[in-house]
Amino acid sequence: MLNKYKVWDKQRKMYIEILSLIHHENGIDGVLGCYNSKTDMPYIMKDIELIQYIGIKDKNDVEIYDNDILMLRHKIEGEMFDWQIIKVIYTAPRWIGISSNGLWTSLNLEDYTQICELEKIGNFYENPELLKNNIKLSKEEQIKVDVEGLKRYLGR
């Protein structure tokens, strides 16, 4: 997978267009970017968040990046259930999600694409309030989602 990035300007609180990455012998040192389509500016790493594409797209063909917020949905018996809201993070050696109630997902995000539907609903920088929304399923709905998800994951 080709490394692909976006950049969040911490001071201006906006995404900036990347013109080029500034490399140093120890890795990426900064970026040359512009925020108003007119001015090329160098940005050093302490002023920005370099956000990596994780190599997965959501159900609408939207690229998913580090710190994006996703809705996970399960389709069970013809009915779609909103199951979990997660924030995408990297923990070596894979991309995973942390749920809105603070629990880690147990599967690699790529595995989730096999058992449920992913939809990008925002990102941590512009929509942190989305992580405060907990999904309330009835006990019966939660059992259906858990059992069906496990069956799909195990290929049964």
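The values are calculated or read from the model by the stated rules, or taken from the named source; none is laboratory data. Keep in mind that what you see is a predicted model, and the values were worked out from it rather than measured. Here the Cβ positions follow ideal geometry from the backbone for every residue, glycine too, while neighbour counts run over all protein chains shown.
The table below gives the values:
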{"item": "Residue check, Gly27 within 29 Å of Ser99 (Cβ to Cβ), small (Gly, Ala, Ser) and more than 17 Å from the chain's Cα centre (by Cα)", "result": "no"}
{"item": "Single residue of segment 19-58 satisfying the filter (surrounded by 13 or more Cβ atoms within 10 Å (Cβ to Cβ) and charged (D, E, K, R)) that is modelled with the lowest pLDDT", "result": "Asp29"}
{"item": "Residue within segment 90-98 that is among the charged types (D, E, K, R) and assigned by TED's automatic domain parsing to the domain that holds Cys116 present", "result": "yes"}
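Yes/no per residue for (1) farther than 19 Å from Gln52 by Cα; (2) surrounded by 18 or more Cβ atoms within 10 Å (Cβ to Cβ); (3) modelled with pLDDT under 75:
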site: Glu63; (1), (2), (3): no, no, no
site: Lys75; (1), (2), (3): yes, no, yes
site: Val88; (1), (2), (3): no, yes, no
site: Ile96; (1), (2), (3): no, yes, no
site: Ser99; (1), (2), (3): yes, no, no
site: Leu118; (1), (2), (3): no, yes, no
site: Glu129; (1), (2), (3): yes, no, no
site: Asn133; (1), (2), (3): yes, no, yes
site: Leu154; (1), (2), (3): yes, no, yes
